[in-house]
Amino acid sequence: MGYILVVDDEKDIRQLIGQILSDEGYQVCLASNSEAAMDEINSKSPDLIILDIWLKDSNMDGIEVLKTVRGNDKNIPIVIISGHGNIEIAVAAVKQGAYDFLEKPFNTDQLIVVIKRALEASRLRREIADLRRSELIESNMIGNSGSFNNLKSHLDKVTKSNSRVMLTGPAGCGKEIAARYIHANSARASSPFVSVSSASIESDKMEEVLFGSEFNGVVNSGLLEKANGGFLFFDEVADMPKGTQSKILRVLVEQAFTRVNGSNLVRVDLRVISSTNKNLVSKISSGEFREELYHRLNVVPIKVPSLENRREDIPILANHFVKLLNYSEGLPLRSFSEGALTKLQTMSWPGNIRQLRNAVEQILILGPNNCEIDSSELPDSKQTDKNHTGNSVFQDDFINLSLRDAREVFEREYLMAQINRFGGNISKTAIFVGMERSALHRKMKTLSIVSENKLSKKE
């Protein structure tokens, strides 16, 4: 139930409190002076401290112990007790960080109630702190590539405004992380971030989920109310039912709505971010998406790049996911070998960052606990995506080729993999493969290789 330290110079009172708490199921430790109390706190941090103000034959009195503990750990709840209490002492103790003040002799029931409340308050503070840490982790933008830095620059600009943002990009590329980054770095960071999965909510329940409901005087708040003052994130907004789109449009215009079966107008202050991996312009043409809603949501369009366009970030992301999964799931804290990181950069990732994260999680679950991750542990990758590596030629096919043709095929495959690995950066590729930049350009021309950068410029 909890580990409680009782500090009191009076033996009878100390033992009495200890017995009461033991009977309630708590683990109890007793200390008669400040030195014994500090030794116990330093060796095993208690969940709660009951502390007497007047400690005879001690180097510190209760207030000094309180200050010392608060300086080292602000999360341990401390209940001050005294037989010579007055309002000034109680106020001073609370100002120094005490949870509550009890005057001797105190009622047993009163003591138990205070302890239960203090432990519950401490638990809630820890949960909130863990939640905030988790949110910060989830909103942490990881990368160093040109595409990533360009994205982050755009996100940093919109954090300072209150404009609506439309995030576009393929599934799994990190659109929600980008949305959370905007929230975490905005003036609304301390306010809620509420995510609405447009695809996973049943269409006939969408309005009730968003707007809430009223039935027989019972009010059920919807996601719009829960997001009041903060951010509302429409994930994959293209999948929002047509009927709901018109009502959301009205909310965006009026910042107000009525609950399902309700009549009272509910006003909200929301900043809206939306995302999609579909072409909304074509959806508008086919009548599946309201043009007015599109223009309301698409005030600041930001494209989130695929993992294909930021291969340089794969080693950073892979190591980040190891640390994240160790923190959140308790999985082994392992490192990748250089060979494994290189292979990760050359693999095809159609599921983008989400697929990479899942692959890292799989490796940590199935592999050993304490050794370096080598390339043999990585998911099977034969580079079947022809957009990444061209027509891959495997060992059996080489038998039918002449030495000259086989060498040409290998060189083409190898150089394309390295160019993709470095995000189309020819200078970095040349340094890695040990060629002069001009020589690499000539080789690429001979092998009919076009870098990703040139392709993207043509597009």
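The values are calculated or read from the model by the stated rules, or taken from the named source; none is laboratory data. All values derive from a computational prediction rather than experimental measurement. When we count neighbours, we look across all protein chains shown, and the Cβ atoms used for this are built from the backbone with ideal geometry, even at glycine.
Observations
- Some residue of segment 189-209 being over 25 Å from residue 325 (Cα atoms), modelled with pLDDT of 90 or more and touching a Lys or Arg at 6+ places or on another chain (Cβ under 7 Å): no
- Every pair of residues 6+ apart whose Cβ atoms lie under 9 Å, when the first sits in segment 144-162 and is under 25 Å from residue 187 (Cβ atoms) while the second is of a type in the set (Asp, Glu) and part of a helix (DSSP H, G or I): 148/312; 148/313
- If you filter segment 204-233 down to residues that are among the polar types (S, T, N, Q) and more than 27 Å from residue 177 (Cβ to Cβ), you find that the one that is surrounded by the fewest Cβ atoms within 10 Å (Cβ to Cβ) is 216.
- The single condition from (1) at pLDDT below 90; (2) under 25 Å from the mean Cα position of the chain (by Cα) that residue 96 fails is (2).
- If you go through segment 294-324 and keep only what is over 26 Å from residue 167 (Cα atoms) and of a type in the set (A, V, I, L, M), you end up with just 322.
- Qualifying helices (runs of 4 or more DSSP H) (wholly inside segment 312-423; at least 2 residues being among the basic types (Lys, Arg) and at pLDDT 90 or above): 352-366
- Within the set 73, 61, 8, the sole residue that is at pLDDT below 90 and within 22 Å of residue 119 (Cβ to Cβ) turns out to be 73.
- The numbered conditions (1) outside any helix (DSSP H, G or I); (2) out of contact with any strand residue (DSSP E or B) (no Cβ under 9 Å at 6 or more places or on another chain) are all true for residue 253 except (1).
- Any hit, segment 14-24, residues being farther than 14 Å from residue 81 by Cα, in contact with a Leu (Cβ under 6 Å, 6 or more places away or on another chain) and of a type in the set (Val, Ile, Thr): no
- Tallying residues that are surrounded by 14 or more Cβ atoms within 10 Å (Cβ to Cβ) and either under 16 Å from residue 54 (Cα atoms) or among the polar types (S, T, N, Q) (or both) within segment 28-44 yields 9.
- Counted residues, segment 76-93 - those being at pLDDT below 80 and polar (S, T, N, Q): 1
- Some residue of segment 213-221 being touching a residue at least 12 places away in the same chain (Cβ under 8 Å) and in contact with a helix residue (DSSP H, G or I) (Cβ under 7 Å, 6 or more places away or on another chain): no
- Residue match in segment 173-196 (condition: of a type in the set (S, T, N, Q) and within 22 Å of residue 279 (Cβ to Cβ)): no
- Some residue of segment 274-288 being assigned by TED's automatic domain parsing to the domain that holds residue 367, modelled with pLDDT under 95 and either assigned to a loop (DSSP other than H, G, I, E, B) or more than 19 Å from the chain's Cα centre (by Cα) (or both): no
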